[in-house]
Amino acid sequence: MESMKGTTICCVRQGDMVAIAGDGQVTLGDTVIKHGARKVRAIRNDSILTGFAGSTADAMNLFERFEAKLDEHSGSLTQAAVGLAKAWRTDRVLRRLEAMMIVADSERSLIISGNGDVLEPDEGVAAIGSGGAYAKAAATALLRHSTLDAEAIVRAAMKVAAETCIYTNQQVTVCSLGSSKKEA
C-alpha cells in the first residue's frame, strides 16, 4: 500500500460499531500550515463515513466523485467504491490525484486507491497515510487485547501515530456509526 505524507486515517470495526479517525495536521513540504483540518466526515445522512489522506484539493475532488458514485449506485458502498476506483485508474485527470480514501458503512470498511484497489481489510482495521502503519499496528493490538470500543481504539491508535509520525498531530476528529458497547 502506498504511503501518503501529511496525515493519518484509521478505521476500526468492532461488532456493530465502526469508527474512523483522522488527524488535523496539514503540511506543505516540511512546514505545518494548519493544525485542525477535518479529514474525516459522515455523509449520506450520517450513514457512511469517509476519510482521506493526501493532497487536500485531490481529496475534495474524490469526496465529490465518491458521493456522485453513491448516487449512481443507489447508495451501495461497494459498488460506489468500485466505480470510483475504476474511474480513478482510467481517467487521465484522476490518475494524477495523490490521495487515498477509507470509506465505511454499517456493514463494511473499504480502502480505495488510485491504483484501482478496493480492499476490505482483515480484522476490521484499516489505516492509510504517513502514520497509517503505526495506527494500524496499535489499533490491531488494542482490538485483540483490550476491552475498549471502536471509537476509543481509533483515538488511542491515533495518539500512537501522532507520537511517532512527524506528519500526524494529536488534533483528532472521529466519526462513528453503531453502538458503543463491545460484544462479549
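The values are calculated or read from the model by the stated rules, or taken from the named source; none is laboratory data. Note that this is a predicted model, so its numbers are computed, not measured. Neighbour counts run over all protein chains shown; Cβ positions are idealised from the backbone, glycine included.
Numerical summary
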| read-out | value |
| --- | --- |
| From the options D91, D149, D117, residue that is of a type in the set (D, E) and more than 22 Å from E64 (Cβ to Cβ) | D149 |
| Members of region 8-46 found to be closer than 22 Å to K159 by Cβ and among the basic types (K, R), listed by number | R13, K34, R38, K39, R41 |
| Residue, modelled with the highest pLDDT, within region 84-104, restricted to residues that are of a type outside the set (K, R), over 18 Å from the mean Cα position of the chain (by Cα) and surrounded by 14 or more Cβ atoms within 10 Å (Cβ to Cβ) | A87 |
| Filter result for A42 (part of a loop (DSSP other than H, G, I, E, B), of a type in the set (A, V, I, L, M, F, W, C), touching a Ser or Thr at 6+ places or on another chain (Cβ under 9 Å) and within 26 Å of M17 (Cα to Cα)) | no |
| Region 159-174: number of residues that are of a type in the set (A, V, I, L, M, F, W, C), touching a helix residue (DSSP H, G or I) at 6+ places or on another chain (Cβ under 6 Å) and in a helix (DSSP H, G or I) | 2 |
| Residue in region 69-76 that is outside any loop (DSSP other than H, G, I, E, B), touching a residue at least 12 places away in the same chain (Cβ under 8 Å) and over 22 Å from A139 (Cβ atoms) present | yes |
| Selection count where residues are crowded, with 24+ Cβ neighbours inside 10 Å, of a type in the set (V, I, T) and either assigned to a strand (DSSP E or B) or modelled with pLDDT of 95 or more (or both), scope region 1-39 | 5 |
